[in-house]
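A short worksheet on the structure shown next.
The values are calculated or read from the model by the stated rules, or taken from the named source; none is laboratory data. Because the structure is predicted, anything quoted here is derived from the model rather than measured. Glycine also receives a Cβ, built like all others from the backbone with ideal geometry; neighbour counts cover every protein chain displayed.
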Amino acid sequence: MNKLCTLSAEQVISGVRNRDFTIEDYIIQLLERINDIDDEIRAFITINDEALNTARKLDKKIKNQETVGLLAGIAVGIKDNICTKDIRTTCASRLLEEYKPTYDATVVRRLKECDAIIIGKVNLDEFAMGSTTEFGSYGPSHNPWNPDYVVGGSSGGSAASVAALECTVSLGSDTGGSIRCPASFCSVVGLKPTYGLVSRFGLVSYSNSLEQIGPLGRTVSDIVMIMNVIAGFDENDNTTDNEIKTPRFVASDVKRPVRYGLIKELVEGSDPAISKLVYSSLDLLSSNDCKWEEVSLNCDYALASYYTIAMAEASSNLARYDNLRYGFDFNPEGYEWNSYFSKIRNNFGDEVKRRIMIGSHVLLSGYYAKYYLKAQKVRSILRQEVKKLFKQVDVLISPTMPVLPFKLGEDIDDPMKRYLIDTNTVIANLVGTPAISLPAGFSDNLPIGLQLMTDEMQEQLLFDVSKMYESAASVNRKPDL
Ligand code: GLN
């Protein structure tokens with residue numbers, strides 16, 4: 001294997017600074033790796049043709065002793081629902097198959113300003129709707145730990161590309177677990193930040209009130225490094241917190257006293273192999289200063305509330321895809337408006353169509369109070385309950401996913417079964433708190449993730465605890481590929 005591919009972001013940056021290798025060497029090795037294995041993994045939808053040129057330009061600057069940005073050398077995979085100037089941004093949808101944005105999302109602009117290289121655009125479920133990365137026009141991605149299994153989703157390409165050593169780190173989006181689920185299924189670290197900490201400008205909207213962009217990487221320190229670049233107020237996104245201009249998170253090894261709360265209902269609802277591992281993780285985290293207790297959170301209606309709100313917002317967000325401003329080549333001549341419009345919108349995949357229909361239904365004036373309003377009430381109650389728990393404990397713990405990765409295509413026609421696996425992850429989105437998934441171990445050679453959640457804007461605590469766990473657990477992060 002090309003050995004530079006295994007390096008963490010921290011190692012790449014220092015290797016480049018110390019002139020152990022050039023950025024060009026590194027990018028060439030990654031491109032070769034993608035060439036060798038991506039036919040099997042199918043993480044990438046588009047490779048950035050400019051990546052190698054950018055690498056050479058940066059090398060030249062380094063050679064001439066000019067200053068380069070903080071992230072010079074690293075290669076980032078970007079989920080294909082985050083806009084990249086002049087690079088196709090398809091959302092794995094036929095409706096956007098030819099869409100080349102004229103601008104960069106704020107997160108992409110900030111990465112580029114620090115000289116990170118965009119290596120390509122990675123796969124997802126169409127418009128980020130799904131938990132397996134099987135529902136996109138590009139077809140499914142395959143799990144690097146076992147290619148017959150799903151990668152999780154919807155940021156499946158983001159997780160698979162990092163796990164399979166095809167890029168240094170990646171960005172995903174998380175509306176109801178889409179960063180943490182594939183991070184868990186692929187044994188990488190994935191963070192959903194506090195709502196409002198990272199700009200959503202340039203993220204193709206699925207459900208605005210729930211989603212956040214966040215990083216996936218092979219180490220906690222890499223996540224911290226990316227957060228320091230992408231987080232903070234953005235005048236183009238008025239939901240970002242204007243108190244936080246440039247965050248200064250640190251990836252430190254400090255030990256601090258922490259009170260952990262294990263969410264009883266979520267651990268009880270999981271596969272026995274997963275709950276067992278969560279209990280042994282708690283042993284690793286416990287010490288004289290760090291205690292854990294069981295806490296109770298009524299999550300019975302969280303999933304229903306999440307899907308009602310997400311689908312309602314999706315139905316309104318997706319109304320704009322009429323093939324007039326962006327889309328694919330389909331001549332309207334000879335069609336009357338309604339028939340053209342319905343013909344075009346028939347190009348959405350079945351899952352997206354299902355959500356547009358349910359979302360429109362729950363917003364109908366006759367049903368609004370019965371469904372949408374009720375879902376919002378559940379959301380507020382859940383928020384109050386979680387806030388209460390954070391008076392009692394500092395960190396909430398649960399399995400990231402209640403199930404192990406399963407075979408591609410399994411129960412693919414049973415949407416309810418697929419929705420149910422999001423039970424543990426949707427809470428952080430409904431409430432707005434940050435949550436991270438950490439590699440915790442394996443069962444039958446399939447990865448298991450541990451989810452940690454802190455109160456809003458408590459990312460530093462989350463990183464400290466994650467670092468403690470990472471070094472205590474030292475889980476294998478490299479599949480045999
Ligand atoms: N699986 C969830 C859904 O389909 C979450 C998706 C996401 O976070 N983008 O809505």
> Do the conditions hold for residue 307, that is, is it out of contact with any Leu (no Cβ under 9 Å at 6 or more places or on another chain), at negative phi and crowded, with 20+ Cβ neighbours inside 10 Å?
Replying inline: yes
> Across region 139-180, what is the number of residues that are more than 16 Å from the ligand (Cβ to nearest atom) and assigned to a loop (DSSP other than H, G, I, E, B)?
Replying inline: 11
> Filtering region 76-100 down to residues that are among the charged types (D, E, K, R) and surrounded by 23 or more Cβ atoms within 10 Å (Cβ to Cβ), which residue is nearest to residue 222 (Cα to Cα)?
Replying inline: 79
>> Among (1) away from the ligand (no atom under 16 Å from the Cβ); (2) at pLDDT 95 or above, there is one condition residue 216 misses while meeting the rest; what is its number?
In response: (1)
> Before we move on, is residue 199 in contact with a Ser or Thr (Cβ under 6 Å, 6 or more places away or on another chain) and more than 13 Å from the ligand (Cβ to nearest atom)?
Replying inline: yes
>> Can you tell me which condition residue 201 does not meet? The list is (1) among the hydrophobic types (A, V, I, L, M, F, W, C); (2) in a loop (DSSP other than H, G, I, E, B); (3) crowded, with 24+ Cβ neighbours inside 10 Å, and all the others hold.
In response: (3)
> Just to be sure, is residue 221 crowded, with 24+ Cβ neighbours inside 10 Å, polar (S, T, N, Q) and either within 16 Å of the ligand (Cβ to nearest atom) or at pLDDT 95 or above (or both)?
Replying inline: no
> Inside region 18-46, can you point out the residues that are of a type in the set (D, E, K, R), touching a residue at least 24 places away in the same chain (Cβ under 8 Å) and in a helix (DSSP H, G or I)?
Replying inline: 24, 32, 33, 38, 40
>> Given (1) farther than 30 Å from residue 284 by Cβ; (2) assigned to a helix (DSSP H, G or I), identify the lone condition not met by residue 411.
In response: (2)
> Within the group 315, 339, 252, which residue is over 27 Å from residue 137 (Cα atoms) and either at pLDDT 90 or above or surrounded by 11 or more Cβ atoms within 10 Å (Cβ to Cβ) (or both)?
Replying inline: 252
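Results for (1) within 20 Å of residue 192 (Cβ to Cβ); (2) under 21 Å from the mean Cα position of the chain (by Cα); (3) not hydrophobic (A, V, I, L, M, F, W, C), shown as yes or no for each residue.
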| site | (1), (2), (3) |
| --- | --- |
| 228 | yes, yes, yes |
| 235 | no, no, yes |
| 242 | no, no, yes |
| 246 | no, no, yes |
| 259 | no, no, yes |
| 262 | yes, no, no |
| 272 | no, no, yes |
| 277 | no, no, no |
> With respect to residue 262, is the statement that it is modelled with pLDDT of 95 or more, in contact with a helix residue (DSSP H, G or I) (Cβ under 6 Å, 6 or more places away or on another chain) and farther than 24 Å from residue 74 by Cβ true?
Replying inline: no
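Condition check ((1) of a type in the set (Ser, Thr, Tyr); (2) closer than 15 Å to residue 144 by Cβ; (3) touching a helix residue (DSSP H, G or I) at 6+ places or on another chain (Cβ under 7 Å)) across all residues:
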position	(1), (2), (3)
161	yes, yes, no
165	no, yes, yes
168	yes, no, yes
171	no, no, yes
175	yes, no, yes
184	yes, yes, no
191	no, no, yes
>> Looking only at residues that are part of a helix (DSSP H, G or I) and aliphatic (A, V, I, L, M) in region 327-369, which one is farthest from residue 96 (Cα to Cα)?
In response: 369
> Quick check, is residue 436 crowded, with 23+ Cβ neighbours inside 10 Å, assigned to a helix (DSSP H, G or I) and within 16 Å of the ligand (Cβ to nearest atom)?
Replying inline: no
>> From the list 465, 475, exactly one residue is touching a strand residue (DSSP E or B) at 6+ places or on another chain (Cβ under 6 Å) and in a helix (DSSP H, G or I). Which is it?
In response: 465
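For (1) farther than 25 Å from residue 211 by Cα; (2) part of a loop (DSSP other than H, G, I, E, B); (3) touching a Gly at 6+ places or on another chain (Cβ under 7 Å), each residue gets a yes or a no:
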site: 244; (1), (2), (3): no, yes, yes
site: 248; (1), (2), (3): no, yes, no
site: 251; (1), (2), (3): no, yes, no
site: 256; (1), (2), (3): yes, yes, no
site: 262; (1), (2), (3): no, no, no
site: 265; (1), (2), (3): no, no, no
site: 270; (1), (2), (3): no, yes, no
site: 273; (1), (2), (3): yes, no, no
> What number of residues within region 386-412 satisfy the criterion of being surrounded by fewer than 24 Cβ atoms within 10 Å (Cβ to Cβ), within 16 Å of the ligand (Cβ to nearest atom) and of a type outside the set (A, V, I, L, M)?
Replying inline: 4
>> Can you list residue pairs whose Cβ atoms sit under 9 Å apart, with the first residue in region 307-327 being under 14 Å from residue 93 (Cα atoms) and the second being among the β-branched types (Val, Ile, Thr) and surrounded by fewer than 24 Cβ atoms within 10 Å (Cβ to Cβ)? Count only pairs 6 or more apart in sequence or on different chains.
In response: 318/356; 321/344; 322/344; 323/344; 327/344
> Among the residues of region 414-433, which ones are in contact (Cβ under 8 Å) with a residue 12 or more places away in the chain, of a type outside the set (A, V, I, L, M) and either more than 15 Å from residue 302 (Cβ to Cβ) or assigned to a helix (DSSP H, G or I) (or both)?
Replying inline: 415, 418, 419, 429
